[in-house]
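The values are calculated or read from the model by the stated rules, or taken from the named source; none is laboratory data. Keep in mind that this is a model prediction, so the values were computed, not measured. Note that each Cβ is placed from the backbone with ideal geometry, even for glycine, and that neighbours are counted across all protein chains shown.
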Amino acid sequence: MESWSEGIADLHARIGHRFGRSEPRDRALDYLRGLLAPLERKNGWTLAEQVGQLRPDGVQRLLNHSDWDENAVRDDVRHFVVETIGAKDGVLIGDDTGFVKKGTKSAGVQRQ
């Protein structure tokens, strides 16, 4: 079985060409690593800190201003997931409503 870092590298190799410049391409790899890291909360600050950045500016620039085709990346990620963990008779259900939410004021903190 591949390690997570090898899987992330394989996924990045699949989507890397969607980013025209090397800076957003590298930032996308950092973003993937942050998303898959075992962080309690995932936001711009925590993702930036996870990959050794002092501020979330780079992550925010990647998501808000970099030139890349998010639909093509989504499709690439989907194909990667299907090829990697898919099964002909399998069903993938994403349901995060079972996680305990913190706080009382943010959207979605009440158990569904």
Within the range 1-50, residues surrounded by fewer than 17 Cβ atoms within 10 Å (Cβ to Cβ), of a type in the set (A, V, I, L, M) and over 22 Å from H79 (Cβ atoms) come out as A37, L39
Quick check on my filter: what residues within the range 2-40 are small (G, A, S) and part of a helix (DSSP H, G or I)? S5, G7, A9, A13, G16, S22, A28, G34
Of the residues in the range 62-71 that are in a helix (DSSP H, G or I) and out of contact with any Pro (no Cβ under 9 Å at 6 or more places or on another chain), the one that is surrounded by the fewest Cβ atoms within 10 Å (Cβ to Cβ) is N64
Of everything in the range 51-61, what is surrounded by 14 or more Cβ atoms within 10 Å (Cβ to Cβ) and either in contact with a strand residue (DSSP E or B) (Cβ under 9 Å, 6 or more places away or on another chain) or closer than 20 Å to S5 by Cα (or both)? Give them in sequence order. V51, Q53, V59
Restricting to the range 25-36, name every residue that is within 14 Å of P56 (Cα to Cα) and of a type outside the set (D, E). R27, A28, Y31, G34, L35
Kindly indicate which of V59, V77 is assigned to a helix (DSSP H, G or I) and touching a Phe, Trp or Tyr at 6+ places or on another chain (Cβ under 8 Å). V59
With the requirement that a residue be out of contact with any Leu (no Cβ under 7 Å at 6 or more places or on another chain), assigned to a loop (DSSP other than H, G, I, E, B) and either modelled with pLDDT of 90 or more or farther than 17 Å from E23 by Cα (or both), what does the range 41-51 give you? R41, N43
Residue by residue through the range 51-63, note down the ones that are out of contact with any helix residue (DSSP H, G or I) (no Cβ under 6 Å at 6 or more places or on another chain) and under 21 Å from R78 (Cα atoms). L63
The number of residues in the range 75-91 that are without any contact (Cβ under 8 Å) to a residue 40 or more places away in the chain and surrounded by 11 or more Cβ atoms within 10 Å (Cβ to Cβ) is 5
